[in-house]
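Reviewing the structure listed below.
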Amino acid sequence: MAVANYGLVTAKEIDVLGIHLKDVLEWIKLGWMEKRGRGVYRIAHYLPTEYDTYAEAVALVGETAMICGESVLAMHNLALVNPARVHVAVRRRLRKELPDWIETEKVTAEMTEDNFNGIPCQKLSEVIRQSRGKILTERLVSAVREAGARGLLDIFEYDALKKEFPV
């Protein structure tokens with residue numbers, strides 16, 4: 001299960017599998033797993049990918065979380081953005097302690113959830129539109145062109161964005 005989810009597994013998933021917490025603690029002691037945050041563990045011999053940070057941020061925040069804003073552009077490697085923190089939108093109030101590299105915000109009515117490589121995120125076309133005025137227009141035009149070429153947008157989204165951001 002962890003291999004299919006960027007090496008990550010949550011306490012809830014461990015419980016569903018019927019594994020006892022004492023076994024997980026033993027695996028951590030043996031170096032087979034590492035604790036990443038409250039209720040989130042990563043198998044130790046996992047080969048990292050470029051999407052690990054985003055998958056871990058969603059796992060640490062919880063089930064209703066999704067990557068949003070500039071972090072979606074960074075995750076897709078578009079518009080030359082590199083936010084200092086991973087932006088994660090949540091649907092309900094969050095009371096848990098999170099690392100400094102994660103910034104949470106409330107899900108707004110105009111946010112639509114999508115999925116990229118198994119990671120819940122805000123729809124890319126929305127993020128591009130919302131970034132107008134925050135990110136240089138030529139970078140957004142380039143992002144539209146590249147996203148269209150890489151198949152990250154469906155044909156209707158791509159056509160609409162081409163009209164808004166002349167490619």
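The values are calculated or read from the model by the stated rules, or taken from the named source; none is laboratory data. Since we're looking at a predicted model, the values are computed, not measured. Glycine also receives a Cβ, built like all others from the backbone with ideal geometry; neighbour counts cover every protein chain displayed. Quick note on the areas: whole protein, heavy atoms, side chains included, nothing else; ligands and nucleic acids left out. Shrake-Rupley method; radii C 1.70, N 1.55, O 1.52, S 1.80 Å.
Of everything in the stretch 34-48, what is surrounded by 13 or more Cβ atoms within 10 Å (Cβ to Cβ) and touching a residue at least 24 places away in the same chain (Cβ under 8 Å)? Give them in sequence order.
Residues satisfying the conditions are Arg36, Gly37, Gly39, Val40, Tyr41, Arg42, Ile43, Tyr46.
Looking only at the stretch 122-150, filter to residues that are of a type outside the set (D, E, K, R) and open to solvent by 60 Å² or more (accessible area, probe 1.4 Å); which one of those is nearest to Leu80 (Cα to Cα)?
Residue satisfying both the conditions and the ranking: Leu136.
I'd like the residue in the stretch 23-40 that is assigned to a strand (DSSP E or B) and over 18 Å from the mean Cα position of the chain (by Cα) and, out of all such residues, is nearest to Gly62 (Cα to Cα).
The selected residue is Lys35.
May I ask you to verify whether Glu56 is open to solvent by 20 Å² or more (accessible area, probe 1.4 Å), out of contact with any helix residue (DSSP H, G or I) (no Cβ under 9 Å at 6 or more places or on another chain) and not in a loop (DSSP other than H, G, I, E, B)?
no
If you go through the stretch 135-167, how many residues are acidic (Asp, Glu) and within 12 Å of Leu78 (Cβ to Cβ)?
So the count comes out to 1.
Residue-by-condition table, conditions (1) farther than 25 Å from Val3 by Cα; (2) exposed (fewer than 12 other Cβ atoms within 10 Å of the Cβ); (3) in contact with a Gly (Cβ under 7 Å, 6 or more places away or on another chain):
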residue: Thr64; (1), (2), (3): no, no, no
residue: Ser71; (1), (2), (3): no, no, no
residue: Ala79; (1), (2), (3): yes, no, no
residue: Pro83; (1), (2), (3): yes, no, no
residue: Glu97; (1), (2), (3): yes, yes, no
residue: Met111; (1), (2), (3): yes, no, no
residue: Asn117; (1), (2), (3): no, no, no
residue: Pro120; (1), (2), (3): no, no, no
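Return the residues of the stretch 108-133 that are over 18 Å from Ala79 (Cβ atoms), part of a loop (DSSP other than H, G, I, E, B) and out of contact with any Cys (no Cβ under 8 Å at 6 or more places or on another chain); say none if nothing qualifies.
Listed by number, the residues that qualify are Thr108, Ala109, Glu110, Thr112, Asn117, Gly118.
Of the conditions (1) more than 27 Å from Thr137 (Cβ to Cβ); (2) in a strand (DSSP E or B), Glu103 satisfies every one except a single condition; which number is it?
(1)
Residues Tyr41, Tyr46: which one is more than 21 Å from His76 (Cβ to Cβ), modelled with pLDDT under 90 and of a type in the set (Phe, Trp, Tyr)?
Checking each option against the conditions leaves just Tyr46.
Given the structure, is Leu152 more than 13 Å from the chain's Cα centre (by Cα), touching a residue at least 40 places away in the same chain (Cβ under 8 Å) and in a loop (DSSP other than H, G, I, E, B)?
yes
For the stretch 68-100, give me the residue count where each residue is outside any loop (DSSP other than H, G, I, E, B) and under 17 Å from Thr10 (Cβ atoms).
2
Report, by residue number, each residue of the stretch 1-20 that is part of a helix (DSSP H, G or I), open to solvent by 100 Å² or more (accessible area, probe 1.4 Å) and without any contact (Cβ under 8 Å) to a residue 24 or more places away in the chain.
Asp15, Val16
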